[in-house]
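Reviewing the structure listed below.
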Amino acid sequence: MRIEYINSARIDVTEIRNNLSQYYPSTPLKFLKALKKSVETLSDNPLLYPVYEWNSAYRKMPVLDYLVFYKVFEAEQTIEIHRILYGRRNIKKILEGSASVSDDG
């Protein structure tokens, strides 16, 4: 399956990378490598991770301390990565308040 990052996910990656770079120079690279490896597993098995309990349109995949929210479009053979959020935040509130999660894909 083809994997696409919608705009909100690309913004999340940039913000995470910038935030992590404040601590150790190797931390952003560690996160990006883990993200890439995890997302690549979706190509072969897009239904591997559970449906998000608050919105069944999304699946959620853990990557280090973050959760990746994505949608699977089987007919189009596409996976859309919608958001990548720090796991300890109020994710339900963030996703409910984010028009880009609903409207970008």
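FYI, it's all coordinate maths here, none of it is from the lab. As the structure is a computational prediction, the values presented were derived from the model and not from experiment. Please note: Cβ atoms are built from the backbone with ideal geometry, for glycine as well, and neighbour counts cover all protein chains shown.
See the values below:
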| quantity | calculated |
| --- | --- |
| Strands (runs of 3 or more DSSP E) fully within the stretch 35-94 counting 1 or more residues that are under 12 Å from Arg2 (Cβ atoms) | 66-73, 78-86 |
| Selection within the stretch 24-34 - among the small types (Gly, Ala, Ser) and outside any loop (DSSP other than H, G, I, E, B) | Ala34 |
| Tally, over the stretch 27-39, of residues that are surrounded by fewer than 13 Cβ atoms within 10 Å (Cβ to Cβ) and either within 11 Å of the chain's Cα centre (by Cα) or under 24 Å from Lys92 (Cβ atoms) (or both) | 1 |
| Members of the stretch 3-23 found to be β-branched (Val, Ile, Thr) and either more than 18 Å from Glu76 (Cβ to Cβ) or part of a loop (DSSP other than H, G, I, E, B) (or both), listed by number | Ile6, Ile11, Val13, Thr14, Ile16 |
| Some residue of the stretch 40-58 being crowded, with 17+ Cβ neighbours inside 10 Å, in contact with a strand residue (DSSP E or B) (Cβ under 9 Å, 6 or more places away or on another chain) and either more than 23 Å from Ile94 (Cα to Cα) or in contact (Cβ under 8 Å) with a residue 60 or more places away in the chain (or both) | yes |
